[in-house]
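Report on the structure given below.
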């Protein structure tokens, strides 16, 4: 079941252990919309967001980090094409987009993607999910020593 579009305003919360202690961190973010398939199930089949923004990205979101004491640090915007791969680990892994940017994050918490924009039916930037059912989904596979978890992003904090 897809989340209520009103939940998009609160942002997608992606939990993380303390980033400096992560030995493994793989964040997968994807933007989907319904009515993206073909054939008899076209009206219900989800697929990638199809219309790009002028920048070429399919979706751009503001981002922030909220720690366990509910302190919020603003981060650079995250833009991706249909699906994006990133890490919560500090700089040094050039194969992935560093989602936390230059922020000095030294506690567990959550990366929050909010105020996401996509192209509307006319190609202009619009809030995701406003003119058709579109949503952002995320998963974070992470490990510290022998302890690991795959956490899914949540729309309600």
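The values are calculated or read from the model by the stated rules, or taken from the named source; none is laboratory data. No experiment lies behind these values; they were computed from the predicted model shown. A quick note on method: Cβ atoms are made from the backbone with ideal geometry, for glycine too, and the neighbour counts reach across all protein chains shown.
Determine if the stretch 135-144 includes at least one residue that is more than 19 Å from residue 68 (Cβ to Cβ) and in contact with a helix residue (DSSP H, G or I) (Cβ under 6 Å, 6 or more places away or on another chain).
No, the stretch 135-144 contains no residue that is more than 19 Å from residue 68 (Cβ to Cβ) and in contact with a helix residue (DSSP H, G or I) (Cβ under 6 Å, 6 or more places away or on another chain).
When you look at residue 148, is it assigned to a strand (DSSP E or B), more than 14 Å from residue 66 (Cα to Cα) and under 15 Å from the mean Cα position of the chain (by Cα), yes or no?
Considered against the rule, which asks whether it is assigned to a strand (DSSP E or B), more than 14 Å from residue 66 (Cα to Cα) and under 15 Å from the mean Cα position of the chain (by Cα), residue 148 comes out as no.
Here's a check for you: in the stretch 118-128, which residue that is buried (at least 19 other Cβ atoms within 10 Å of the Cβ) and touching a strand residue (DSSP E or B) at 6+ places or on another chain (Cβ under 6 Å) is modelled with the lowest pLDDT?
Only one residue fits best here, namely 128.
Please pick out the residue among 57, 36 that is assigned to a loop (DSSP other than H, G, I, E, B), in contact with a strand residue (DSSP E or B) (Cβ under 6 Å, 6 or more places away or on another chain), at negative phi and modelled with pLDDT of 70 or more. Explain how you work it out, then say what you get.
Working: 36 fails: modelled with pLDDT of 70 or more.
Being assigned to a loop (DSSP other than H, G, I, E, B), in contact with a strand residue (DSSP E or B) (Cβ under 6 Å, 6 or more places away or on another chain), at negative phi and modelled with pLDDT of 70 or more holds for just one of 57, 36, which is 57.
Condition check: over 21 Å from residue 17 (Cβ atoms) and at pLDDT 85 or above. Does residue 88 satisfy that?
Here the answer is no, as residue 88 does not meet what is asked.
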